[in-house]
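Notes follow the structure.
Nothing in this text is a laboratory measurement; each read-out follows from the coordinates by a stated rule. These numbers were taken from a predicted model, which means no experiment stands behind them. Here the Cβ positions follow ideal geometry from the backbone for every residue, glycine too, while neighbour counts run over all protein chains shown.
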Amino acid sequence: MSSYIVFTREETLDQSELDTYFSLVAETFEGHPIKPVVAYGAQKSLEGNEPEGIVIVEFPDKASALAWYDGDAYRKVREHRFAGARYRATLVEGV
């Protein structure tokens, strides 16, 4: 069953840290079955506060998603995201 990680950026704290993250994150995809579905596209909030941006990435299953997220390459790079902004990251299984 497909699984998705949904990243919701709530507040930018340090743009230079985010720029570093954005410049490095694609390298972490190598060797993983990851498919970007949404990446900071135009949005319209229908309920609640509008986030600064949303990214959704698809994986063939939950194990693949966690292998990428918890893998050495992404763990190093995501530290820049943590320093650069407040995000919510949610793993959700498809139907």
(request) Would you pull out the residues with amide H under 5 Å of G53's amide H, same chain only if 5 or more places away, H placed 1.01 Å from N? (result) R9
(message) Apply the Karplus curve 6.51 cos²θ - 1.76 cosθ + 1.60, θ = phi - 60°, to the phi angles in the range 75-81 and return the couplings in whole Hz, x for Gly and Pro.
(response) 4, 5, 6, 5, 4, 5, 5
(request) State to the nearest 20 debye the size of the charge dipole of the range 3-93 about its Cα centre, where the only charges are +1 on K and R beta carbons and -1 on D and E beta carbons. (result) 100
(request) Could you list which residues have their amide H under 5 Å from that of S3, counting only those 5 or more apart in sequence or on another chain, with H placed in the peptide plane? (result) F59, D61, G94
(message) Could you compute the net charge surrounding V77? Neighbours are other residues with a C-beta less than 13 Å from the C-beta of V77; K and R count +1, D and E count -1.
(response) -3
(request) May I ask for the percentage of alpha-carbon pairs in the range 3-93 that lie more than 19 Å from each other? (result) 39
